[in-house]
1. Evaluate peptide A:12-25: per residue, the Cβ atoms of other protein chains within 10 Å of its Cβ; return the mean as an integer.
2. Treat every Asp and Glu Cβ in chain B as -1 and every Lys and Arg Cβ as +1, leave all other atoms uncharged, and give the resulting dipole magnitude about the Cα centre to the nearest 20 debye.
3. Based on the Cβ-Cβ distance of A:ALA18 and A:ARG49, what FRET efficiency does E = 1/(1 + (r/R0)^6) give at R0 = 35 Å, to the nearest 0.05?
4. Mind giving me the nanometre distance, one decimal, between the label points for B:ARG235 and A:ALA8, set 7 Å out from Cα along Cα→Cβ?
5. B:THR24 to B:ALA203: extension gain in nm, 0.36 nm per residue of separation minus the Cα-Cα distance?
6. Please give the net charge around B:ASP94, taking every other residue with its beta carbon less than 11 angstrom from that of B:ASP94, where Lys and Arg add +1 and Asp and Glu add -1.
7. At R0 = 30 Å, how high is the FRET efficiency between B:VAL87 and B:SER246 if r is their beta carbon distance? Nearest 0.05 is fine.
8. Which stretch or stretches of the stretch B:128-143 have amide N atoms under 16 Å from the point lying 7 Å from B:ARG195's Cα along the Cα→Cβ direction?
Amino acid sequence: MNLGPHAAFIIASYAIVAAVMITLVAWLIFDGRRQQRALDALEARGVRRRSRAGDSGQ
Amino acid sequence: MQTSAQNLTSRLANPTRFMSLSATALPWLGGIAAAFIAFGLYLAFFSAPPDYQQGQTVKIMFIHVPSAWLAMGIYLLVAISSFGLLVFRHPLADVSAKAAVPLGAAFTFLALITGALWGRPMWGAYWVWDARLTSVLILFFLYLGLMALRSSLDDEALASKLTAILALVGIVLLPIIKFSVEWWNTLHQPASVLRFGGPSIHASILVPLLVMAVGFVLAFTAMHLMAMRNEILRRRVKALTLAEVSRAGAGLPAGAKG
């Protein structure tokens, strides 16, 4: 596949879009896991939402 | 009698139900988005012919245009969510607006940067201060402003309301961006897909563009759902941390109701 005399501009465009989208998804996964860990730690200490307060019979 | 749309909105108003439904939908949405983008890339690089004037640089259009459409579409979503917060006090409206703003900023950045990389070989300049480019740059700053305003206030309820008001005021920018290429003499080309009279692009280039656009929209939808889920979890963590602190202050054990 010949991208012509401006191949560098085409490749740079696609590379930047891929980098930004991969970074966004990686950040979203990382942030989600961090929040879930924090929530799990709180619930492990017995702090629960009212809707789940009865889950463990406490 | 409620319509099905109202039913869906009220069903999703419960964050717990939203968490359950979004957890089911996310893998499907992400998979379909990846499939569309992969097929779009195949069409872009192995099927679409070079443009008779722009040569192979027309390939940049397949990522530039979907990014630019999303830059504006996400702002519309932020504005609708802000309206939902201010008028209907929908429980997820502020979550939706807050989650969408950084994604909108990212896609606006991509529209600007891919536009610059397309402009240099075609126009001879990375940047010109014409109405289309300048108005999209203002949109990017508006997204940054929404994030800055929200993070500058400790009172989250007040921050949400003020951010929503700014988002609604900023919607005036969308028609300016859309019609800038008609109202002013711009170097940027006029609309060639979303125009009266139908698209003016040949199907061999239009089809890959539309496939990529659908892929980008689905990818954004998946990312928005992920960001909303994270924001709901963040609010739960904050609420429980405050509850733990107040119980500790009152001398109650952690699991006690108080």
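Where a number appears in this text, it was derived from the coordinates with a stated rule and is not lab data. Everything numeric here is computed off the predicted structure, so don't read it as measured data. All Cβ positions, glycine included, derive from the backbone under ideal geometry; neighbour counts span all protein chains shown.
1. 6
2. In debye, rounded to 20, chain B gives about 640.
3. Efficiency at R0 = 35 Å is approximately 0.35.
4. Inter-label distance under the simple model: 4.9 nm.
5. Value of the extension gain: 60.9 nm.
6. The answer is +3.
7. 0.40
8. Those under the cut-off are B:132.
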